[in-house]
Amino acid sequence: MEKFTKITATATPFPRVNVDTDIIIPAKHLKSIKRSGFGVHAFETVRFNADGSPIPDNVFDGPKYKGSKILIAGDNFGCGSSREHAPWAIADMGFRCIIAPSFADIFAGNCVKNGILTVALPQEAVDALVLAAEAGHQITVDLQDQTVTCQNAHYEFDYNPEHKKKLLEGLDEIGQTLTASAAIASFESKQKLMMPWLYRG
Amino acid sequence: MPKTMYDKIWDMHVVEDHGNGNALLYIDRHLVHEVTSPQAFEGLRAAGRRIRRPDSIIAVPDHNVPTKDRDKPNPDPMSTEQLAALDANANEFKLDYITMSDIRQGIVHVVGPEQGFTQPGVTLVCGDSHTSTHGAFGALAFGIGTSEVEHVLATQTLHLKKSKNMRVTVTGELPVGCSAKDVALAIIGAIGTAGGTAHVIEYAGPVIEGLSMEGRMTLCNMSIEAGARAGLVAPDEKTFAYLKGRPYAPKAGQWEAAVNFWKALKSDEGAVFDREIVIDGSQIVPLVTWGTSPEDVVPVTATVPAVASFTDRNKQEAAQKALDYMGLKEGQPITDIRVDRVFIGSCTNSRIEDLREAANVIKGRHVAGHVVEAMVVPGSGLVKALAEEEGLDKVFTDAGFQWREPGCSMCLAMNPDKAAPGEHVASTSNRNFVGRQGPGARTHLVSPAMAAAAAIAGHFVDVRNF
Ligand code: SF4
């Protein structure tokens, strides 16, 4: 997994509320058995008309936000399905960080696994960042210090320390967990005595 | 200190406590389907890792399966490839695998309970957000992403942060004509789609106790639409009676011990919830969604709300967008919305009780002439077989409904079952998101009885006087 420490970049404003994972990546594109290549279909209904023609002036394709690495989003971002194809698609578009008033739980968890930082800030702060992004100002997100900076504005954010460590170090989580194999095995032998019906064979 | 049911299940599954509510949690049960698993198996193979406990897994295809002409070749090559990948992975890793031609095949969240795989007090996961369904049995059940699927396969654990406790109590008695679906929609309408974020919801009160296991599954299913990762209902005699004798349920010698353990799971007297919501169940009416979020819900007797009735600017913008997408006008009576297509199915409402309710409404009547397609998709092959035994298939087909093979179908339109752009769909599923049932499709979430009534009338009607 790619590490996340600090980025300074252009940001894309997309402050719609309740953006669900069907908007981020529609189900018809979930048939691939790979992890990559979802970016071209991301936010399809925002970027393309029903006949497949591009929607002019959408924030994702225009030159204005080219090279953007930060997405400024609306409240309850990523609600709906558990599909990890959503963060895969967002990462595929080049985003490394999403700033919003709140995120759906499963989506936020999936972001951590893919090196994407989700920053929850109060609505007023997000509104201000939307304006700054529209004005073309760069935004700096520093995970170590847990701050977002844009021109003179400076915001601090809360972040789960376990997730922070994972992002900062870009750890292989399964490899880490496997070092606890002995603890897992001892849990199992205890549980098997108490609840044998949960074990077969 | 008195504990909630969630506290108890959480505590008994902690393998390592990392402080601040973070823990390595043991996972007892894992359901696997074709859409969110291929990348996880690929990851395992790439790292040369094995599955820690194949006996904790059931694999079954559901999202992408065709619901008709299963004997013919699948015309979609990508869908074929995905189904073949599940086949290959299940065989390679020696999983309990229910194939597409097995009578037990169906939607994971129908199959798990039906097989007795879902049990009180277990931790159960699946790469699907509606895993919350299984909370109806008092299981801590929640959806996970593909990286987590891989993590559970390899380690039988997850790194999690404990959620907060929330209790939704539904008092009184549910009026005739209302079902668990209306209870679920009423709760989401009251607290919003982010209302349960970061919480696990325990449902309690006389209305919940009065629900059948099917009804409890419908309710817990939609916990995720209220933002909660999991829902819970305390196990009781109904739960035990449902489970007894099912293939994965504890066998004779262990049954008693299991039931005693299950009985001790309910929240202690005096347990503290971080948030409490009380809803008067006797005030619940049949509901219909008008917008593109499950919280956009109103009584069937009401009208489409005015944009100005929302206080927040972002909500107003969202409401305007939803009205445009849905092709509805402010103040338009819900009963004036013409229905073009009807879908009875999905992990919310495709169980035998749902089909009985719908069949009851349509018996001896016929689908309105302008309705393009009305479709019943049973949740599993076993539901389908039971319904056929009861003659329900005949009731549906006589009324002009199509009777299909089990799967997710038009709930998410990954297979050919979809609505055309602009069509209004009366759907018993759980999500009315933009494009969910096909590009441009306009979904209205309703109960099975309401969907059936809408099919007959050709527009929404109040099933209480239909
Ligand atoms: S029926 Fe619909 S909501 Fe349920 S698992 Fe299938 S796609 Fe998801």
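The values are calculated or read from the model by the stated rules, or taken from the named source; none is laboratory data. This is a predicted model, so every value here is computed, not measured. A quick note on method: Cβ atoms are made from the backbone with ideal geometry, for glycine too, and the neighbour counts reach across all protein chains shown. For the accessible areas, the whole protein counts, side chains as well, though only heavy atoms, and no ligand, DNA or RNA atoms are used. Shrake-Rupley method; radii C 1.70, N 1.55, O 1.52, S 1.80 Å.
Take the conditions (1) under 13 Å from A:I90 (Cβ atoms); (2) open to solvent by 30 Å² or more (accessible area, probe 1.4 Å); A:K64 misses just one of them, which is (1). Determine whether region B:230-250 contains at least one residue that is among the acidic types (D, E), within 23 Å of the chain's Cα centre (by Cα), under 23 Å from B:N165 (Cα atoms) and within 16 Å of the ligand (Cβ to nearest atom). Looking through region B:230-250, none of the residues is among the acidic types (D, E), within 23 Å of the chain's Cα centre (by Cα), under 23 Å from B:N165 (Cα atoms) and within 16 Å of the ligand (Cβ to nearest atom). Within the option set A:A128, A:A182, A:A133, being aliphatic (A, V, I, L, M) and within 12 Å of another protein chain (Cβ to nearest Cβ) holds for one residue only, A:A182. Scanning region B:365-376 for residues that are modelled with pLDDT of 95 or more, within 16 Å of the ligand (Cβ to nearest atom), more than 14 Å from chain A (Cβ to nearest Cβ) and under 28 Å from B:S132 (Cβ atoms) turns up at least one hit.
Summed over region B:54-92, the residues that are within 11 Å of chain A (Cβ to nearest Cβ), farther than 19 Å from B:L412 by Cβ and of a type in the set (S, T, N, Q) give a count of 2. Filtering A:S68, A:S82, A:S36 for residues that are within 16 Å of the ligand (Cβ to nearest atom) and part of a loop (DSSP other than H, G, I, E, B) leaves a single hit, A:S82. At least 2 residues being charged (D, E, K, R) and touching a strand residue (DSSP E or B) at 6+ places or on another chain (Cβ under 9 Å) is the threshold, and among the helices (runs of 4 or more DSSP H) wholly inside region B:170-246 those reaching it are B:180-191.
Within region A:163-177, the set of residues being facing chain B (nearest Cβ under 10 Å) and surrounded by 17 or more Cβ atoms within 10 Å (Cβ to Cβ) comprises A:H163, A:K166, A:E173, A:I174, A:T177.
Among the candidates B:P416, B:P421, single out the residue that is within 16 Å of the ligand (Cβ to nearest atom) and surrounded by fewer than 19 Cβ atoms within 10 Å (Cβ to Cβ). Of the residues listed, the single one that is within 16 Å of the ligand (Cβ to nearest atom) and surrounded by fewer than 19 Cβ atoms within 10 Å (Cβ to Cβ) is B:P416.
Consider region B:389-413 and keep the residues that are away from the ligand (no atom under 14 Å from the Cβ) and buried (at least 22 other Cβ atoms within 10 Å of the Cβ). The one that is nearest to A:A42 (Cα to Cα) is B:F401.
Out of the residues in region B:272-302 that are among the polar types (S, T, N, Q) and surrounded by fewer than 24 Cβ atoms within 10 Å (Cβ to Cβ), which is nearest to B:K315 (Cα to Cα)?
B:T301
Is it fair to say B:S129 is at the interface with another protein chain (Cβ under 8 Å from one of its Cβ atoms), within 16 Å of the ligand (Cβ to nearest atom) and at pLDDT below 95?
Details: at the interface with another protein chain (Cβ under 8 Å from one of its Cβ atoms): yes; within 16 Å of the ligand (Cβ to nearest atom): yes; at pLDDT below 95: no.
No.
When restricted to residues that are part of a loop (DSSP other than H, G, I, E, B), in contact (Cβ under 8 Å) with a residue 40 or more places away in the chain and either within 13 Å of chain B (Cβ to nearest Cβ) or touching a Ser or Thr at 6+ places or on another chain (Cβ under 8 Å) (or both), region A:4-31 contains 8. Only one of the numbered conditions (1) assigned by TED's automatic domain parsing to the domain that holds A:P161; (2) assigned to a loop (DSSP other than H, G, I, E, B) is not met by A:M1, and that is (1).
Tell me, yes or no, whether region B:288-296 has at least one residue that is among the charged types (D, E, K, R), within 13 Å of another protein chain (Cβ to nearest Cβ) and under 30 Å from B:D55 (Cβ atoms). The answer is no; no qualifying residue exists. Checked against the criterion of being over 20 Å from B:R442 (Cα atoms) and in a loop (DSSP other than H, G, I, E, B), the candidates B:G331, B:G364, B:G369 yield just one match: B:G364. The residues of region A:21-65 that are within 17 Å of B:P439 (Cα to Cα) and of a type in the set (D, E, K, R), listed by number, are A:D22, A:K28, A:K31, A:E44, A:R47, A:D51. Listed by position, the helices (runs of 4 or more DSSP H) contained in region B:30-119 that have at least 2 residues being among the acidic types (D, E) and either surrounded by fewer than 20 Cβ atoms within 10 Å (Cβ to Cβ) or free of Cβ contacts under 8 Å to residues at least 12 places away in the same chain (or both) are B:77-92.
Residues that are touching a helix residue (DSSP H, G or I) at 6+ places or on another chain (Cβ under 8 Å) and open to solvent by 50 Å² or more (accessible area, probe 1.4 Å) were ranked within region A:14-32; the one that is farthest from the ligand (Cβ to nearest atom) is A:P15.
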